[in-house]
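Heads up, the thing below is written out as structure tokens.
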Amino acid sequence: MNQFLRAIVFFAMVGASSAGWAAESGQHLYQMHCANCHGITGIPVMPQVPNLAMREGMNKPDFVLIQSLKTGGRSKPPFLGILTDKELQDVIQYVRMMR
């Protein structure tokens, strides 16, 4: 039983540290690639850009958001070949944590 509890604590600590890394990575990537249009706080500085501070467009599943970010669209740059799926996932996680 003692080993079981130690395993649970270990995996909880590993999960917490990887979530912290993802948030830090996502923040860095957001500031490098997204803040120019979406603003540092998610309030857009460019016209026709979703207001991430108001969670516009963030209610979609992650795989849909990743695909949208990869392909781009009207007035948004494609990130295919620029950011990996993991990096895009980190950015999405960071945006969802922004307040």
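The values are calculated or read from the model by the stated rules, or taken from the named source; none is laboratory data. Please read all numbers here as calculations on a predicted model, not as lab measurements. We place every Cβ from the backbone using ideal geometry, glycine too, and count neighbours over all the protein chains shown. What goes into the accessible areas is simple: the full protein's heavy atoms, side chains included, and nothing from ligands, DNA or RNA. Shrake-Rupley method; radii C 1.70, N 1.55, O 1.52, S 1.80 Å.
Within region 23-43, count every residue that is open to solvent by 50 Å² or more (accessible area, probe 1.4 Å) and part of a loop (DSSP other than H, G, I, E, B).
Residues in region 23-43 being open to solvent by 50 Å² or more (accessible area, probe 1.4 Å) and part of a loop (DSSP other than H, G, I, E, B): 3 in total.
Being surrounded by 13 or more Cβ atoms within 10 Å (Cβ to Cβ), at pLDDT below 95, more than 14 Å from Leu29 (Cα to Cα) and not hydroxyl-bearing (Ser, Thr, Tyr) is true for just one of Pro77, Pro47. Which residue is that? Don't jump to the end; show me each part of the working.
Details: Pro47 fails: surrounded by 13 or more Cβ atoms within 10 Å (Cβ to Cβ).
Of Pro77, Pro47, the one residue that is surrounded by 13 or more Cβ atoms within 10 Å (Cβ to Cβ), at pLDDT below 95, more than 14 Å from Leu29 (Cα to Cα) and not hydroxyl-bearing (Ser, Thr, Tyr) is Pro77.
Specify the residue that is farthest from Gln93 (Cα to Cα); the eligible residues are those in region 50-63 that are open to solvent by 50 Å² or more (accessible area, probe 1.4 Å) and in a loop (DSSP other than H, G, I, E, B). Break it down stepwise before answering.
In the first step, residues of region 50-63 are kept if they are open to solvent by 50 Å² or more (accessible area, probe 1.4 Å); the result is 50, 54-56, 59-61, 63.
The next check asks that each one be in a loop (DSSP other than H, G, I, E, B); those that pass are 50, 55-56, 59-61.
Values: Pro50: 16, Arg55: 12, Glu56: 14, Asn59: 12, Lys60: 13, Pro61: 12 Å.
Residue satisfying both the conditions and the ranking: Pro50.
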